[in-house]
1. Please compute the Kirkwood hydrodynamic radius of region B:679-734 from all pairs of different C-alpha atoms, in Å with one decimal.
2. Express in % the proportion of alpha carbon pairs of region B:505-550 at distances exceeding 13 Å.
3. What whole-number volume per residue, in cubic angstrom, does the convex hull of the C-alpha atoms of region A:87-150 give?
4. Got a sec? How would B:L730, B:L39, B:L635 order by Cβ neighbour count within 10 Å, fewest to most?
5. Taking H placed 1.01 Å from N in the peptide plane, check which residues at least 5 places from B:D400 or on another chain put their amide H under 5 Å from its amide H.
6. Based on the Kirkwood radius over alpha-carbon pairs, what is the Stokes-Einstein translational diffusion coefficient of region B:82-240 at 37 °C with 0.692 mPa s viscosity, in µm²/s?
7. Put a dot 7 Å past each Cα toward the Cβ at B:D82 and A:E71; how far apart are the dots in nm?
8. Mind jotting down a quarter of the surface of the convex hull over the alpha carbons of region B:313-420, in square nanometres, one decimal?
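Read the figures in this text as sums done on the coordinates, not as results from a lab. Model, not experiment: these values are computed from the prediction. FYI the Cβ positions are ideal-geometry reconstructions off the backbone, even for glycines, and counts take in every protein chain you see.
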Amino acid sequence: MTKVSLSLNGKPVSGKVEGRTLLADFLREGQGLTGTHIGCDTSQCGACLVHVNGDLVKSCTMFALEAEGCEVTTIEGVAAGDGTLSGIQDAFREHHGLQCGFCTPGMVMSTAELLKINPKPSEADIRDHLEGNICRCTGYHNIIKAIMAASGQDVSGIAAE
Amino acid sequence: MTVGTPLPHDAAALHVTGQARYVDDLPVPANCLHLAFGLSTIARGKITGLDVSAVSAADGVVAVLTEKDLPFENDVSPSVHDEPLLATGTVHYVGQPIFLVVAQSHLAARKAARLATIEYAEETPIVTIDQALAANSRFEDGPIVWSKGDAADAIKNAANRVQGSMEIGAQEHFYLEGQVALARPQEGGDMLVHSSSQHPTEIQHKVAHALGCPMHAVRVEIRRMGGGFGGKESQGNALAVGCAIAARQTGRPCKMRYDRDDDMTITGKRHDFRIDYDVGFDKNGRVSGIEFTQYARCGWALDLSIPVADRAMLHADNAYDLPAATITSHRLKTNTQSATAYRGFGGPQGMVGIERVMDHIAHNLGLDPLEVRRTNFYRDMTETPPTPAQTTPYHMEVEDFELNAMVRELAASSDYQNRRKRIAEWNAGNEVLKKGIALTPVKFGISFTLTHLNQAGALVHVYQDGSIQMNHGGTEMGQGLFQKVAQVAAHSFGVDTKLVKITATDTAKVPNTSATAASSGSDLNGMAVKAACDTIRERISDFLMEYYQADDVRFEGGQVHIGDKVIRFEEAAILAYENRISLSATGFYKTPKIEWNRVTGRGRPFYYFAYGAAVTECVIDTLTGENRILRTDILHDAGASLNPALDIGQIEGGFVQGAGWLTTEELVWDASGRLRTHAPSTYKIPACSDRPDIFNVALWDGKNREDTIYRSKAVGEPPFMLGISAHAALSDAVAACGAAYPNLNAPATAETILHAVTAVRS
Ligand code: FES
Ligand code: FES
């Protein structure tokens, strides 16, 4: 067991982990932050996405020890301290960008990165960016709509409420 | 007015912040143990030696259980007790659980599960439909046959005839949250189980049998699933029972979660089918007689295969009035995962069969397939019902057909005719890329075909502060059931949905529930909750009328109007409480009108039908078989929708999942019976980029003719079959490559399309 220390959602945390402990397991079991979901265990689905030093990372594919000294943000760190939803979160809620919700934390984390590098993405940009995020429920339509809305674009033309 | 409002999913705010809890997220005591199954590595044979000493000795292992260690019943089957939790001397598929490891951590359990020494006397497995037929390996004694009229005679006397056969692949559910259960021992030997299951009562039932206790000693609680799609109707039994037995033996909480690989290897999938057809028709394509032979690959145990295969037969007509039809169904037993429920429950396979026939007839006559479809449609129900009565091949009268009008509207709104012409011109000028377009309808029967399952219960409390707690037997898997039913409850009391607390499904609150399946969730539970709310509201009304000496009471806008007097709902609640009026009630509902005899194949298995239609346009690359869906337009009938936003979400998601089944999602078993596609790296479910470039979805403006909850219609499964339009469009594109009929199998992967293109060209 080795000690790992990092900044998690703005707070310093540390814990003992094995060399092989995945960041996802450290977050879920070590830190009780269960919003990071395990959907596939093998880096395919994107349910476990978090930000490490501002980069989008599949936490099922990174060792906890690799996050030593890093700034890690999970879905639990996205809303404001008083619980106010971020623009992206609110758009997913408002535009029905979720059904079972299991993919949602990963979708929100992925969208945050997209809008950072491309504040007004086209539909094609969104499709491209979400290549690593699987949603089995929604058919993606409302997810795209939510992302367009979150980036301040008009979604009235995107059919169907 | 809360019913009919497009409110967001009830847990949306929890989902976007990561606070929504799934079973694996529940806080557990530090002494919780973790389980994993040791799996068979062969598809068929006898276990001649099982040595688990290395498993027991592995780091972190607390116990290893084999069938001999099970205290009571060793069975997790939802039907005929043919599915042991742990293998009893013989194994029937690669991935069958043989022993159970109980360890300190998930990882320790999984690592140890690989350490057993198992010796087998291997036998040749039966993997394919042909092998099963050759070995006469089947469930039930022989094929099931239902018929109407003399189909053979009608085919013989018809002006035209085509015959064909189509392979239709299986489908993995890929619920994003894998199977998981948690059992927590209680005092006096009771057991509390949290399970990601669509069927809490069955989990309760199976756990009780496995622990040798009455059902009252087992409580099952389910707040939500991360997707179900039918894959959590029976496939969660093994995990829940395993956890309960281990929890009983160790006295500690026990949890089991399948890794994705294990999940895909162990659990059942959609049945794959072969459908043979022989059809006679006139020069307009009007069918006079048809014979279908359906072969369903059911896997090693019965599970739900009988009702699934029945439903495939019940949808062999889809939207078409078939004057004479014979449908024969073979339920074949193979050494593969036990195929199980999956959205549509056999209906999609049956429907693909008849849609293929419509395409084949049109190709044979050189007609637009849509014209052939329309020629064969049932007649729309109008003020004057069609005479003579129109009946399905199972002799049920079709009393609510509306696809003629729906298809007229959809063909117009999607500009089908002009686009079809433009596509033909475009194809004439393009050698490499070819486009196709198709409009396919859906008529899906709503009700469980096992009549007694069509019942539901609810429990509603109004607290003295006016807040309301609602519970029913339905489970939430993302479909928005809880929100829709909460809207029904809020509507009953004329209050905002914020006043209504939605609670986890709990066998201690509502007993003897049916699985949340057959799209019946809001139909059944909505009605049961409404009945409970009505009871309480009437008690409050009666009391208030007497108290204020008034003649009428209305609940509206958060207020209660008693004659001229207006008080807030909260005030009414406390007043009623103080005057000793009971503010708690149960509700019950059973679906009327249905009766069904599956032996004779006659009756009314369905309360009503849900309808929909989709037009899909796609393009293929004839050099590689690669393809894209360019545009899809959908018109779907949800009756008077309880929540249009949630219903449209079901339609979009259902279409994409249905199209995935018939295009990219390919499950491959090798000759030894091993599933080779057991992870998303090799099994391609639709990604964001696979959804149609243009995607227009609209709800048909109509009401259910039957007296359902606020005249809405079930919407969970029917839209799945709109995905058939994608397959038909691909077939249309392939047909543009040559003169022969494409005979396109499903899934129409790039390879399959390439083969079909090569075949029609030569
Ligand atoms: S769990 Fe990490 S990508 Fe699926
Ligand atoms: S909402 Fe269920 S997987 Fe996306």
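1. Values: mean 1/r = 0.0676 Å⁻¹.
Final number for the Kirkwood radius of region B:679-734 is 14.8 Å.
2. Numbers: 699 of 1035 pairs.
Of all Cα-Cα pairs in region B:505-550, 68 percent lie more than 13 Å apart.
3. Numbers: hull volume 4.4 nm³, N = 64.
Hull volume over Cα atoms, normalised by residue count, gives 69 Å³.
4. On the way: B:L730 30, B:L39 21, B:L635 27.
Placing the least packed residue first, the sequence is B:L39, B:L635, B:L730.
5. HN-HN under 5 Å from B:D400: empty list.
6. On the way: Rh = 20.3 Å.
Calculated translational D: 162 µm²/s.
7. 6.1
8. Numbers: hull surface 37.9 nm².
Average projection, Cα convex hull of region B:313-420: 9.5 nm².
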